[in-house]
1. Determine the calculated [θ] at 222 nm for the chain from helices alone, applying -39500 (n - 2.57) to every DSSP H run no shorter than 4 residues and normalising by the residue count; nearest 500 deg cm²/dmol.
2. Tell me which aspartates and glutamates have Cα within less than 17 Å of Lys77's Cα, excluding those fewer than 8 residues away on the same chain?
3. Once R0 is set to 30 Å, what does the formula 1/(1 + (r/R0)^6) return for the Cβ-Cβ distance between Ala49 and Leu71, expressed as a FRET efficiency to the nearest 0.05?
4. Please identify the longest segment of the chain free of exposed trypsin sites (Lys or Arg not before Pro), where exposed means a DSSP state other than H, G, I, E or B and no more than 15 other Cβ atoms within 10 Å.
Amino acid sequence: MSVVISDELIAASQLTPSKFRQEISLHLFQTGRLTIGYASQLAEMPLNAFRQLLKQRNIPLYVYDVEDFNLDLKNLKTLGRL
């Protein structure tokens, strides 16, 4: 599937086409809609360059929330390690 974004829309964003793709990729990665691999492909950037972009924007590679922590605690207790 291809998506066509009009030149008018890109111009309205005041971004270059490349920066526009990067912004969309960053958003989709940050919201969990795309993996880092797919986001870097959408941004048309090598994976390491996309990681650097995430770092510059202070966007974490991984999100570890309270649910993850509680699951880890439960698993550690089950394994007898806590």
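1. -18500 deg cm²/dmol
2. Glu67, Asp68
3. For Ala49 and Leu71, the calculated efficiency is 0.35.
4. Formally, the longest exposed-site-free interval is 1-32.
No lab work stands behind these numbers, since they all come straight from the coordinates. Just so you know, these numbers come straight off a predicted model, no measurement behind them. Here Cβ is always computed from backbone atoms with ideal geometry, including for glycine, and neighbour counts include all displayed protein chains.
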